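To start, the structure itself, in structure tokens.
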Amino acid sequence: MSTILQNIAKQIELTPAEELLFLSKTEVQTFKAKSILHSSGLVCKNSYFVNSGVLRSFSINDNIVEHILTFACAGWWISDMYSLLSQKPGTLFIEVLDDAEVVILSKENQEILYREIPKLERFFRILIENSLVANQERLMDNLSLSAEERFEKFQKKFGDLQHKIPQKQIASYIGVTPEFFSKMKSRLLRK
């Protein structure tokens, strides 16, 4: 069974015919590192499921500083949710960090699947609810935890990812400058 079907099976059960219909509405593509799948200012037309590799979503402020919203590893979904749901121009970039194989589900095909396989609405509702909970938790962590505590949570959530991505991206994710992050890591290693 494909990874995406295993992901869906965690929440809902599809018949073999429904699985085939679902797969017929998706497209699998491979991307090299540094490929941009979605750009800020454009309307997001797709959700992306990561079969392999690593993606990230981020914004860039007026001072050309990147702010990483999330990373997506194998088995994770990623999109500019605001733009995808509202069909208004988004604020996020989605970039491939490590060569990736990605399943692409267009908004248009997702709507078709909702009509053809209504239980998929439940699956995507659960994904959106989980995303909302994770974003609220991250916001509260940024307001109440120290940088060290946020880094510990990053390590628990993303495991070995810290060895695959630049340290400045981890710093951005936990909300500190690369210089502060470097000093903090040195201090943690000495403990």
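Since every read-out is calculated from the coordinates, none of them should be taken as a lab result. From a predicted model like this one, the values you see are computed outputs, not experimental measurements. Cβ sites come from the backbone with ideal geometry, for glycine too, and all protein chains shown count toward neighbours.
Ignoring lysines fewer than eight residues from Lys88 along the same chain, the ones with Cα atoms less than 29 angstrom from its Cα are Lys25, Lys32, Lys34, Lys45, Lys107, Lys119.
Expressed in Å, the radius of gyration and Dmax of the Cα atoms of the chain are 17.7, 57. Helical runs assigned H by DSSP (4 residues or longer) give the chain a calculated mean residue ellipticity at 222 nm of -14500 deg cm²/dmol, each run adding -39500 (n - 2.57) before division by the residue total. Couplings for the range 177-191, taken from phi via the Karplus curve 6.51 cos²θ - 1.76 cosθ + 1.60 with θ = phi - 60°, read 6, x, 5, 4, 4, 4, 5, 5, 5, 4, 4, 5, 5, 6, 5 Hz in order; Gly and Pro are left as x. Of the GluC sites (Glu not before Pro) in the range 1-79, the ones in a loop by DSSP (not H, G, I, E or B) with at most 13 other beta carbons within 10 Å are Glu13. For the chain, the Cβ-based charge dipole about the Cα centre amounts to some 620 debye (Lys, Arg positive; Asp, Glu negative; other atoms uncharged). When the charge dipole of the range 48-157 is built from unit charges on Cβ atoms (+1 for Lys and Arg, -1 for Asp and Glu) and taken about the Cα centre, the candidate among Ile78, Leu113, Asn51 whose Cα reaches farthest toward its positive end is Leu113.
Charge dipole (Cα centre; +1 on Lys/Arg Cβ, -1 on Asp/Glu Cβ; no other charges) of the range 3-116 amounts to roughly 160 debye. The Leu23 and Ser146 beta-carbon pair, evaluated with R₀ = 41 Å, returns a calculated FRET efficiency of approximately 0.35. Test of the criteria: in the range 1-98, which trypsin sites (Lys or Arg not before Pro) are in a DSSP loop and have at most 10 other Cβ atoms within 10 angstrom of their Cβ? Taking the range 1-98 and a limit of 10 other Cβ atoms within 10 Å, the loop trypsin sites (Lys or Arg not before Pro) found are Lys10, Lys32, Lys34.
Expressed as an acute angle from 0 to 90° and rounded to the nearest 10, what is the orientation of the C-alpha long axis of helix 147-158 relative to the principal long axis of the chain? The two axes meet at around 30 degrees.
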